[in-house]
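Accompanying notes for the structure given below.
The values are calculated or read from the model by the stated rules, or taken from the named source; none is laboratory data. None of these values were measured; they are calculated from a predicted model. When we count neighbours, we look across all protein chains shown, and the Cβ atoms used for this are built from the backbone with ideal geometry, even at glycine.
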Amino acid sequence: MKKITLNVVNEYDRLTDVVVGTAHGYHRDAERVEVVNETQKNTFVSGVYPTEVSLIPEFNSFKHALRENGVHVYEPRLAPETVQDQTCPRDIGFVIGDVLVIAAMHDHSRKEEFTGISHLLELWPPIFYPSSPIHSSPDQRLNAQE
């Protein structure tokens, strides 16, 4: 695979490379599904949620549209069975300038979701790994820096 030069300075420049999630393995073991937010909780309570079979064509269509517009699409590999949802890899990392920041995830399954993109990391140096999740107010973070 080609090396990628990271250069994200705004939210509206032309997209050239992107990691898109995968529907493969989505909720493959109902006993291991970890509800990580209120939207998911409400969806499960209502009993109306997508399946792997229904999501795969949607993801394929999305990737096809991106490629038709000249975007190079990267995909995660299937993470361990403890990860039941790899549909949103944007949540586990982001780029600022020329640095890929790997988010310090709070939920166990989200931490292991990172393994699905680990094979791509050699393409994107430098990488910043925060030492711990930041779950505090802006004032607490400012005071910690002083």
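Let's see how each residue does on (1) of a type in the set (Asp, Glu); (2) without any contact (Cβ under 8 Å) to a residue 40 or more places away in the chain:
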position	(1), (2)
ASP13	yes, yes
ARG28	no, no
VAL35	no, yes
GLU38	yes, yes
GLU58	yes, yes
Can you list residue pairs whose Cβ atoms sit under 6 Å apart, with the first residue in region 81-93 being β-branched (Val, Ile, Thr) and the second being part of a loop (DSSP other than H, G, I, E, B)? Count only pairs 6 or more apart in sequence or on different chains. THR87/GLY21; ILE92/ALA103
From the residues in region 72-86 that are surrounded by fewer than 16 Cβ atoms within 10 Å (Cβ to Cβ) and in contact with a Gly (Cβ under 6 Å, 6 or more places away or on another chain), which one is farthest from GLY25 (Cα to Cα)? ARG77
Just one of the numbered conditions (1) modelled with pLDDT under 75; (2) at positive phi is not true of GLY97; which one? (1)
Checking VAL53 against (1) over 27 Å from LEU100 (Cβ atoms); (2) surrounded by 15 or more Cβ atoms within 10 Å (Cβ to Cβ), which test does it fail? (2)
